[in-house]
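S.K.: Pasting a structure below so you can have a look.
Laboratory data are not the source of any read-out in this text; all were calculated from the coordinates shown. What you see is a predicted model; the values in this text were computed from it and never measured. A quick note on method: Cβ atoms are made from the backbone with ideal geometry, for glycine too, and the neighbour counts reach across all protein chains shown.
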Amino acid sequence: MSLKSLSFAAVLLATLCSSPALAQMGPPQPLPAEALVDPVDPAKAAWLRAHTVIDGPVSGGLTFALPDRFYRSKLILLGESHGVAAPQILDFELLRHLNDRIGLTDYVAEVDPVQGDRLNHYLETGDAAALDRVFDHWSRAGAQWGNTAFEDKVRRIRSLNQTLPAERRIRFIGIDAIQDWLLVGEWLTSQGRDVDLSSASNADKARAALAALDGLDGPAVPRLRGVLERVAQGRDRESVIFETYAQAVRSGELGGRPAYGLWGMFHAMQGPVNGARPFAARVRESDLPTADAVATLVVLSLDSAVQIPVPTPEGVQRMRLDKFNIDGPFVMVRGASTLRAASEPGRITLFDSAAPGSPLTGADFLKVQTSVGQNFDLDPGAAQGRYAQYLGVFRNSDWAPPRE
């Protein structure tokens, strides 16, 4: 996964540990004192509390009071910073709520088409080996996705599906660039295709896999073919994600049905970040029929612990760290103190931040500064709702423990 997919804390530590110059500086230093000054805005805190739309304990049991316009959305993205347990709770309960409320079944996930196919195989059959195989890659790579909270969530989705009629069962739609080339090779071998994906070049791997894909069919094959073609062309990750989603919409695989997914916060932003165009921004700027019906929810951390993959001479070590919340000392989100004043300990709380009459500006609660310069720079003049329509915090969540 790219740095844009990692949590702010992982970005900071990965940057530190991968740069010889920075590594010589020792541990990351806190932000300067002036950057941590963040007075509470009582009026904004009161307005947020009056527009609470999701609330409940970090352990689960959330209540939903989202406005009617939310349920008319065709692409709903929950943006988070990976490595914490609470977003996985929110993700499952929001997915279950959307399935119950509007019949949503398409989980547009931050996984590639083959990973999505294997996860669907698990959902359909209960084959634990398929689930293990997907998560084993993340565990070996030291990726934050390799955690027990995510794995348990997939099991809960299967349990939910077993209570639903066939037409209401949830399925994964993998639209990401290839994360696990070895799994792609294994999948092709299981389809009777002999393929060599040993090249160091992803473009060469993609061309070899494309040749082996000829003549195969199945739900994931068109998306896999599209992803491989884009990787073979050297397209960047956000382009691959957007174009694969667009393919699923235009081909009728998704069509006009609503889709939902949990993504790293960067991907879910509907405006430019650091001059780059995230997935959600590309959808919003496109001519897709879903362009005017994108809803982004962002959830941020206070008083919580995160799983961080830290490169060491002995290999990647997953650590539980509690100093990488949005109110310092290493990460600062403008308005963090106001979010604290509007929320309660031990709870997940999201607000309708773009409701009519919102006193917020476009970058409130979304502008990120870190102590190594991996910042989220947004358009300061953007209207509220340009980047996300719903935002909030979780407080006192534990980490998402590594899956060993």
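S.K.: Restricting attention to segment 154-176, and to residues there that are touching a helix residue (DSSP H, G or I) at 6+ places or on another chain (Cβ under 9 Å) and charged (D, E, K, R), which single residue is farthest from Arg118 (Cα to Cα)?
M.R.: That would be Arg168.
S.K.: Same structure, new question: Can you tell me which residue among Leu90, Leu95 is crowded, with 23+ Cβ neighbours inside 10 Å, within 14 Å of Ala259 (Cα to Cα) and out of contact with any His (no Cβ under 9 Å at 6 or more places or on another chain)?
M.R.: Result of the check over Leu90, Leu95: Leu95.
S.K.: OK, next. So Trp187 passes all but one of these: (1) aromatic (Phe, Trp, Tyr); (2) in contact with a His (Cβ under 9 Å, 6 or more places away or on another chain); (3) not in a loop (DSSP other than H, G, I, E, B). Which condition number does it fail?
M.R.: All conditions are met except number (2).
S.K.: Further question on the same structure: Identify all residues within segment 156-184 that are farther than 21 Å from Asp136 by Cα, assigned to a loop (DSSP other than H, G, I, E, B) and among the polar types (S, T, N, Q); write none if there are none.
M.R.: Gln162, Thr163 - these are the residues of segment 156-184 that are farther than 21 Å from Asp136 by Cα, assigned to a loop (DSSP other than H, G, I, E, B) and among the polar types (S, T, N, Q).
S.K.: Looking for something acidic (Asp, Glu) and within 16 Å of Gly79 (Cβ to Cβ) - is there at least one such residue anywhere in segment 342-349?
M.R.: No, there is no match, as no residue in segment 342-349 is acidic (Asp, Glu) and within 16 Å of Gly79 (Cβ to Cβ).
S.K.: Counting just the residues of segment 327-351 that are in contact with a Phe, Trp or Tyr (Cβ under 8 Å, 6 or more places away or on another chain) and of a type in the set (A, V, I, L, M), which one comes out nearest to Gly60 (Cα to Cα)?
M.R.: Across segment 327-351, the extreme among qualifying residues is Ile348.
S.K.: Additional query: Pick from Gln144, Gln115: which is touching a strand residue (DSSP E or B) at 6+ places or on another chain (Cβ under 6 Å), part of a helix (DSSP H, G or I) and either of a type in the set (Gly, Ala, Ser) or closer than 25 Å to Pro311 by Cβ (or both)?
M.R.: After ruling out the rest, the residue left standing is Gln115.
S.K.: Would you confirm whether any residue within segment 353-366 is touching a Phe, Trp or Tyr at 6+ places or on another chain (Cβ under 6 Å), surrounded by fewer than 19 Cβ atoms within 10 Å (Cβ to Cβ) and either of a type in the set (A, V, I, L, M, F, W, C) or over 29 Å from Thr148 (Cβ atoms) (or both)?
M.R.: Yes, that holds for at least one residue.
S.K.: Here's something else I'd like to know. Name the single residue that is farthest from Gln270 (Cα to Cα) among those in segment 318-365 being touching a residue at least 24 places away in the same chain (Cβ under 8 Å) and of a type in the set (Asp, Glu).
M.R.: Here the answer is Glu344.
S.K.: State all residues of segment 34-78 that are among the aromatic types (Phe, Trp, Tyr) and within 24 Å of Tyr260 (Cα to Cα); if no residue qualifies, say none.
M.R.: Within segment 34-78, Phe64, Phe70, Tyr71 qualify.
S.K.: Based on what the data block shows, is Gly79 in contact with a His (Cβ under 8 Å, 6 or more places away or on another chain), of a type in the set (Gly, Ala, Ser) and in a strand (DSSP E or B)?
M.R.: Criteria met by Gly79.
S.K.: Would you say Lys44 is within 24 Å of Ala355 (Cα to Cα), over 22 Å from the mean Cα position of the chain (by Cα) and of a type in the set (D, E, K, R)?
M.R.: Criteria met by Lys44.
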